[in-house]
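Notes follow the structure.
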Amino acid sequence: MKSRQFLTEFWLSLAPELDGWTFYSSRQPGEIHDGMEIRIGEDLFRMDGLWITPSVDEENQIVHVSAWHPVFSEVDREKADLALFLILDEVLGEHGTDQWLGRIETSDSKLKSAIPAAELRDFLHDLEVERGWIKYPPTETYSTYELKEIGDSHLRADTIAGSTCHMDLIGRYLDCQGPFEENDLEGSGAEFVFVSYRSDIAPKGEETAFRGGIEDALEAVLGDEKLGKPLGGAIGQQFSYIDLVLFDGQRSIDAVLRVLRERNLPEGTGIHFFEAGNESRRVVL
């Protein structure tokens, strides 16, 4: 799902200004009122039947929740989870659920500290004001990572440390030890790629700053021309990596190549695709 969020954010940036129209890149919180209900098949889940027990995670600035609904014990787990997430998205909106909630569990009983699901929005708003936590859209929220075992069996296997706003993308590539089959953006015209260059061309001790300079140059060109955006990158023992989502096919690739050449990156620098089936489109300087 997150892969498509990059597209909707991009489409929002292209939205025209129309009187009486407001465009959003994600599902917004709904108007909560008594009697709201969700029907899945033959089962009915009333909004006022859902109770939430929040647990504040200060270190990660998120809230874990345990949820109870009287119907949960009567249906299979998959249906209970679907109903829970539909209600949470109605209360918090798509980004609100993603930004604020960490571990989400169902409970067999309503705990004493539980609050009605409809009050969760106000609970999180008060928490935001009290703690001063700032929440960014998922496409702008970065995670750091490192590999427990560093090798050289495939590109990115040599990663020492990196950061990304699309951890699932990196995880799937590493798990598959190369390009993976699932293409979340199939049919959209967009694609995920990464640039690789030799780590030893960066000044000793300035590897991160060197990569950052290339990322900034790519962000400026791709952003100005509405061609894509950086997603993060990594430093490896042999190679360093810059991850990108591209929106306009060969025009985007050509813009990336232009930046790489302007930055005087050496022969062997390449543009690689995360999804399998694109090996023939790999570009090497």
Return yes or no: is D48 in contact (Cβ under 8 Å) with a residue 12 or more places away in the chain and either under 30 Å from F192 (Cα atoms) or among the charged types (D, E, K, R) (or both)? yes
Inter-residue pairs, beta-carbon under 6 Å, first farther than 15 Å from A117 by Cβ and in the stretch 72-90, second outside any helix (DSSP H, G or I), 6+ apart: V75/D43; K79/I40
Scan the stretch 41-58 for residues that are under 26 Å from the mean Cα position of the chain (by Cα) and open to solvent by 40 Å² or more (accessible area, probe 1.4 Å) and jot them down. S55, V56, E58
So which residues in the stretch 246-270 are within 26 Å of Q5 (Cα to Cα), assigned to a loop (DSSP other than H, G, I, E, B) and in contact (Cβ under 8 Å) with a residue 60 or more places away in the chain, if there are any at all? F247
Filtered residues of the stretch 123-144 (kept if surrounded by 14 or more Cβ atoms within 10 Å (Cβ to Cβ), out of contact with any Leu (no Cβ under 9 Å at 6 or more places or on another chain) and not in a loop (DSSP other than H, G, I, E, B)): F123, L127, E128, P138
Could you give every pair whose Cβ atoms fall below 9 Å, whose first residue belongs to the stretch 172-184 and is in a strand (DSSP E or B), and whose second residue is loosely packed, with under 14 Cβ neighbours inside 10 Å, counting only separations of at least 6 or pairs across chains? F180/A276
Screening E9, E31 for residues that are of a type in the set (D, E, K, R) and under 25 Å from G102 (Cβ atoms) leaves only E9
Of the residues in the stretch 185-206, how many are part of a strand (DSSP E or B) and not β-branched (V, I, T)? 6
The stretch 271-285 residues that are assigned to a loop (DSSP other than H, G, I, E, B) and at pLDDT below 90, paired with ones that are open to solvent by less than 40 Å² (accessible area, probe 1.4 Å) and of a type in the set (F, W, Y) (beta carbon under 7 Å, 6 or more apart): A276/F180; R282/F273
Of those in the stretch 145-164 that are of a type in the set (D, E, K, R) and open to solvent by 20 Å² or more (accessible area, probe 1.4 Å), the residue nearest to F10 (Cα to Cα) is E146
Quickly run through the stretch 207-245 and pick out the residues that are under 17 Å from F192 (Cβ atoms), in a strand (DSSP E or B) and in contact (Cβ under 8 Å) with a residue 40 or more places away in the chain. K229, L231, G232, G233, A234, Y241, I242, D243, L244, V245
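When you check S196 against the structure, is it among the hydroxyl-bearing types (S, T, Y) and buried (at least 19 other Cβ atoms within 10 Å of the Cβ), yes or no?
Here the answer is yes, as S196 does meet what is asked.
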Restricting the stretch 20-40 to residues that are surrounded by 10 or more Cβ atoms within 10 Å (Cβ to Cβ) and β-branched (V, I, T), the residue that is nearest to T139 (Cα to Cα): I32
Only listed residue being over 25 Å from the mean Cα position of the chain (by Cα) and surrounded by fewer than 17 Cβ atoms within 10 Å (Cβ to Cβ), chosen from R263, R282: R263
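The values are calculated or read from the model by the stated rules, or taken from the named source; none is laboratory data. Computed from a prediction, not measured in an experiment: that's the story for all the values here. Virtual Cβ from ideal backbone geometry, glycine too; neighbours counted across all protein chains shown. Just so you know, the surface numbers come from the protein's heavy atoms only, side chains and all, with ligands and any DNA or RNA stripped out. Shrake-Rupley method; radii C 1.70, N 1.55, O 1.52, S 1.80 Å.
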